[in-house]
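A.B. asks: Below is a structure I'd like to ask you about.
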């Protein structure tokens, strides 16, 4: 059996945005039988990476579920669009990093899922570097 | 090429090697077992402890009986356990009954306890030939008890299973709610719950104007004298002094105990040298804690309050702000400085411990003065400009991660330990066009 696949694309190929910009994109699903898709979730979110435990917050989210009677048409590309918030900005810190992405997750029979993400930057904060504590005398 | 499996790296996101389904199943079994144990224990307490005593209160009627005999019954299953047994005689509807009894558990074959002495004391309260109040069952007059009401431990036993039920039930409930849901959907549920928007259908998730940026209101509720706002101090230096004082008192108490014991052995002409050396080491420790405590007292009383005021808040990258700093007290400072500092703070679980790591990513000296004399009623005061770097990361705070900006006043008085006082500030993203979602 061919495993269903999903691919996410952002319209802005540079993948750089400012707060307040509208993020638009589309997803394409590669599947033989449409009944193989039980549910689908599209989200635009940010999460933290680094030394600390992960924090995740969803900015935009919608879900279609066959069990709830939603019609999922996997043979036509789907689009999403959202206006980005003021914060948080993408950040490449030393032990704290903030990443933004658009994520599409397909739920398959038997509890399996497939996911694809398109990363993008919000803002233009340069990467941080550690500053050694100054020895006071 | 497959990545070699490494045990020592943090396994998150695509590095996770375990099965989420199996983890959720294990957790649900654990929490479910806790819940079932709690419920089973509660049912047992109700059936075997609460209901018999409650029946006595609600159904039994009072009369007077005469104690005919008394003894300690041994548990047939465990001869070391006993219970009091009192033979009483009483009359109901012109019919005399003579039975062995004690409390509500007696007629169910229970009430045995391992404390024989306490059981004997209970028995001693009854005198053969004496008249006592007793309570009998009107439907079965041959059943009566000498103890009316609930034992205190009935309530304790009823409370014991509650933690199991609450923890097990809430844990199992949480797993049930999040079962089969993606990380994004769980996050949305949590976000909506925290905003009490459970019943509001929403695609574009509505959040604050500046999500994940700390609110500025907690730093702007204190007006300044010279400038608009007086910044609150992050952690009062008095706390270090109070903690040092408590530690000194505890150590001193232990020291006095050991020294007293050691001295007594010497007075009795039977010196315990090991104890004496041990007490001596405690004396050294208490002397060290006393010195540290006194240094904190001196540092806090002589280096008075540090006041930092600012003309505006929150701050924005590229902005320049008036700043006023005042150091009161009565001391001579070898040096004093004020700096703008940014730290990344990460909180993570390591085994069962929660650890926090800080990493400084920005530091800029705003002011430094050397050999400064601060006199009473003549504080050290300075007005300066605070420039926020144009490319500064904004303040950021979530449950486990933080980008924390602060102003730090650091001083080294002569002959005293250095003091450091931190004043948090919030930097917001550059106001381009504020997005109101």
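Any read-out appearing in this document is the output of simple, stated calculations on the displayed coordinates, not a laboratory observation. If you're wondering where the values come from, they're calculated on a predicted model, not measured in any experiment. Counting neighbours? That spans all protein chains shown, and the Cβs are built from the backbone with ideal geometry, glycine included.
A.B. asks: By how many degrees, 0 to 90 and rounded to 10, does the Cα axis of helix B:238-267 deviate from the longest principal axis of chain B?
C.D. replies: On a 0 to 90 degree scale, this one is about 50.
A.B. asks: Given 4 °C and 1.567 mPa s, how large is the Stokes-Einstein diffusion coefficient of segment A:33-113 in µm²/s, with Rh as the Kirkwood radius over Cα pairs?
C.D. replies: 89
A.B. asks: Using only the alpha-carbon atoms of chain A, report the extent along each of the three principal axes, biggest first, to the nearest angstrom.
C.D. replies: Dimensions of chain A along the principal axes of its Cα atoms: 72, 31, 25 Å.
A.B. asks: Take the Cβ-Cβ distance between residue B:208 and residue B:257 as r, set R0 to 41 Å, and report the resulting FRET efficiency rounded to the nearest 0.05.
C.D. replies: Efficiency, rounded to the nearest 0.05: 0.15.
A.B. asks: Restricting to Cα pairs below 8 Å that are 6+ residues apart, what does the relative contact order work out to for chain A? Please round to a whole percent.
C.D. replies: Values: 309 pairs, mean separation 42.9, N = 137.
Once normalised by length, the contact order is 31 percent.
A.B. asks: Separate question: Over chain B, what is the relative contact order in whole percent, taking alpha-carbon pairs under 8 Å and six or more residues apart? Working shown, then result.
C.D. replies: Working: 705 pairs, mean separation 57.8, N = 437.
It rounds to 13 percent for chain B.
A.B. asks: Hey, another quick one. Given the C-alpha centroids of segment B:278-347 and segment B:219-267, what is the distance between them in whole angstrom?
C.D. replies: Computed from Cα coordinates, the inter-centre distance equals 15 Å.
A.B. asks: Moving on to the next point. Partner chain Cβ atoms within 10 Å, averaged over the residues of A:68-81 - can you pull that number for me?
C.D. replies: Values: counts 0, 0, 0, 0, 0, 0, 0, 0, 0, 0, 0, 0, 1, 1.
That average works out to 0.
A.B. asks: Given a Förster distance of 56 angstrom, what is the FRET efficiency for residue B:243 paired with residue A:9, based on the Cβ-Cβ distance and rounded to 0.05?
C.D. replies: Values: r = 57 Å, r/R0 = 1.02.
So the FRET efficiency works out to roughly 0.50.
A.B. asks: Sorted from fewest to most neighbouring beta carbons within 10 Å, what does the list A:65, B:286, A:43 look like? Intermediate results must be reported in sequence, preceding the final value.
C.D. replies: On the way: A:65 14, B:286 21, A:43 26.
Ascending Cβ contact count within 10 Å gives the list A:65, B:286, A:43.
A.B. asks: Arranged by the count of other C-beta atoms within 10 angstrom, fewest first, what order do A:2, A:37, B:425, A:72 take?
C.D. replies: Working: A:2 9, A:37 22, B:425 25, A:72 18.
Exposure proxy ranking, most exposed first: A:2, A:72, A:37, B:425.
A.B. asks: Using only Cα atoms and rounding to the nearest 10 degrees, what angle (0 to 90) does helix B:20-45 make with the longest principal axis of chain B?
C.D. replies: 40
A.B. asks: Right, something else. Relative to the longest principal Cα axis of chain B, at what angle does helix B:183-194 sit, 0 to 90 degrees, rounded to 10?
C.D. replies: Between the helix axis and the principal axis of chain B, the angle is about 80 degrees.
A.B. asks: Report, to one decimal in Å, the Kirkwood hydrodynamic radius for the protein assembly as shown based on all distinct Cα pairs.
C.D. replies: Numbers: mean 1/r = 0.0317 Å⁻¹.
Kirkwood radius, the protein assembly as shown: 31.6 Å.
A.B. asks: Related question: Within 10 Å of each residue's Cβ, count the other Cβ atoms and sort B:419, B:150 from fewest upward. It would help to have the intermediate numbers written out before the result.
C.D. replies: Details: B:419 23, B:150 16.
Listed from fewest to most nearby Cβ atoms, that is B:150, B:419.
A.B. asks: Send over the per residue convex hull volume for chain B, Cα only, as a whole number of Å³.
C.D. replies: So the per-residue Cα hull volume is 364 Å³.
A.B. asks: Debye sum, Cα scatterers, segment A:11-71, no solvent: what log₁₀ I/I(0) at q = 0.26, 0.28, 0.29, 0.30 1/Å?
C.D. replies: Taken in order of the listed q values, log10 I(q)/I(0) reads -1.14, -1.21, -1.24, -1.27.
A.B. asks: Can you give me the orientation-averaged projected area of the convex hull built on the Cα atoms of segment B:279-389, in nm²?
C.D. replies: 11.6
A.B. asks: Right, next: Could you work out which residue, out of A:44, A:104, A:31, moves most in a Gaussian network model of chain A, that is, has the largest mean-square fluctuation with Cα springs under 10 Å?
C.D. replies: Of the options given, A:31 has the highest mean-square fluctuation.
A.B. asks: Under the Kirkwood approximation for Rh and a Cα-based Rg, what ratio Rg/Rh is obtained for segment B:95-228? List each step's numbers first, then the result.
C.D. replies: On the way: Rg = 31.5 Å, Rh = 22.9 Å.
Reported Rg/Rh, Kirkwood definition of Rh: 1.38.
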